[in-house]
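Engineer: Got a structure for you, questions after.
Every read-out reported here was derived from the displayed coordinates using simple, explicitly stated rules and does not represent laboratory data. Note that the coordinates shown come from a computational prediction; the quantities given were computed from them, not determined experimentally. Here the Cβ positions follow ideal geometry from the backbone for every residue, glycine too, while neighbour counts run over all protein chains shown.
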Ligand code: TRP
């Protein structure tokens, strides 16, 4: 690869390697998650989530402050989000799995922002189409089994009153030249785009603004969202609230192996309503493989599981760490062939997708219980 991998919220170019991730974290001013933070998390939660263990969530900003304060009995809340630009595939759902783990282990509120306004401004999609995707994406997220009493979904255009009043305060502190520098906008971008980052900043202090108390916020997100929160961390203290902390993930590898999974290409990802047959077909046909050209070569030289899509997804969905290690080493020495690896991954994925169905149906019935209600927060903290 000659070209350098670059990351903005709108574009990822090149294949990101381990070194690119540490370089980007460094360049953005985030810290890498190290042994001491992992140890602290384990002391509090009793376990290390696989996404931490495998370095998928790999960097942070001020996570140590959140943990220290939590130990002293100070609450925090979680905030994450999703822009409804297409149907959700597995890669979109995995960060929410991790967020759910955090929510349960720390027993905290979670705000989920659905930025339908963002997708209207940045993508060529109609309002009607976005409306449909919004409802579907929310159900997909809720299919992981979030609890309604602590999960609060904010759809930007539905909560515009509450959000706008705060976003306008944020926007006063962001100049056009900052927006250009951070997001790469030019003079031909719409003024809506320039304003948007103010909307994404709001949930990072909304509970403090509503309750009148200073409640810390921890934001899990993939590295492409970091520019938003870099700006938010500069501005939010100027409004009188604590800087939000963050925990940052790499991209989930795409089926075909480069960039992130794209929503525009049906074959670039595994969709949550794909049948076991479709899952298997996509893996067999498209999954980027760390294996060799021929079975004979693979038996002889082994595969590279680290870059293998099937292995990586399998590792994220399989709970038994011993089993994962066993597959890893056997795949690496050529005892397992790529087709077998893909079959194993396909079975694991299909079994996982099946587990999502009951919670999705339940969420469809209780949809409104998950929607953000500002009054809940006036004296919750
Ligand atoms: N901008 C994000 C997207 O395009 C959605 C989002 C809003 C988000 N708030 C967030 C993601 C907080 C992570 C954390 O998908």
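Engineer: Please tell me the relative contact order of region 276-361 in percent, rounded to the nearest whole number, where contacts are Cα pairs under 8 Å and at least six residues apart.
Structural biologist: Rounded, it is 36 percent for region 276-361.
Engineer: What's the angle, to the nearest 10 degrees (0 to 90), between helix 35-45's Cα axis and the longest principal axis of the chain?
Structural biologist: The helix 35-45 is inclined about 80 degrees to the chain.
Engineer: How many angstrom lie between the C-alpha centres of region 293-316 and region 167-188?
Structural biologist: After rounding, the separation between the Cα centres reads 45 Å.
Engineer: Gain in length, residue 187 to residue 381, computed as 0.36 nm per residue apart minus the alpha-carbon separation, to one decimal in nm?
Structural biologist: Gain on stretching residue 187 to residue 381: 65.5 nm.
Engineer: How would you rank 304-317, 158-171, highest first, on the average number of other Cβ atoms within 10 Å across their residues?
Structural biologist: 304-317, 158-171
Engineer: How many angstrom lie between the C-alpha centres of region 59-79 and region 117-132?
Structural biologist: Centre-to-centre distance over Cα atoms comes out at 34 Å.
Engineer: For the chain, find the longest principal axis of its Cα atoms and tell me its angle to the long axis of helix 226-235, 0 to 90°, nearest 10.
Structural biologist: Here the helix axis deviates by roughly 20 degrees.
Engineer: With the chain treated as a Gaussian network of Cα nodes joined by springs under 10 Å, which of 197, 294, 355 yields the largest mean-square fluctuation?
Structural biologist: Most flexible of the set in this elastic network: 294.
Engineer: Note the full-extension length gain between residue 42 and residue 124 as 0.36 nm times their separation in residues minus their Cα-Cα distance, in nm to one decimal.
Structural biologist: 25.1 nm
Engineer: Same structure again: Nearest 0.05, what FRET efficiency do residue 234 and residue 374 give at R0 = 30 Å with Cβ-Cβ as r?
Structural biologist: With a Förster radius of 30 Å, E is 0.70.
Engineer: Okay, moving on. Projected area of the chain, taken from the Cα convex hull and averaged over every viewing direction, in nm²?
Structural biologist: For the Cα atoms of the chain, the hull's average projected area reads 19.1 nm².
Engineer: While we're on this one: Given a 10 angstrom Cα cut-off, can you work out which residue in 187, 274, 34 is the most mobile in a GNM of the chain?
Structural biologist: 187
Engineer: State, to one decimal in nm, how far the label point of residue 306 lies from the label point of residue 53, with both points 7 Å from Cα in the Cβ direction.
Structural biologist: Modelled inter-label distance: 1.9 nm.
Engineer: Applying a 10 Å radius around every beta-carbon, put 330-341, 89-100 in order of their mean neighbour count, most first.
Structural biologist: 89-100, 330-341
Engineer: Now a separate question. Ignoring solvent entirely, what values of log10 I(q)/I(0) come out of the Debye formula for region 246-381 at 0.14, 0.18 Å⁻¹ when each Cα is a single scatterer?
Structural biologist: Scattering profile of region 246-381, log10 relative to I(0): -0.73, -1.03.
Engineer: For the Cα atoms of the chain, what angle does the longest principal axis make with the long axis of helix 160-171, in degrees from 0 to 90, nearest 10?
Structural biologist: Value to nearest ten degrees: 90.
Engineer: Then there's this: Once you place label points 7 Å from the Cα toward the Cβ at residue 164 and residue 335, how far apart are they in nm?
Structural biologist: The modelled label-to-label distance comes out at 6.3 nm.
Engineer: Go ahead and estimate [θ] at 222 nm for the chain from helices alone: -39,500 (n - 2.57) per DSSP H run with n ≥ 4, summed, over the residue count, rounded to 500.
Structural biologist: Calculated mean residue ellipticity at 222 nm is -15000 deg cm²/dmol.
Engineer: Which of 153, 207, 41 moves the most in a Gaussian network model of the chain with Cα springs under 10 Å?
Structural biologist: 41
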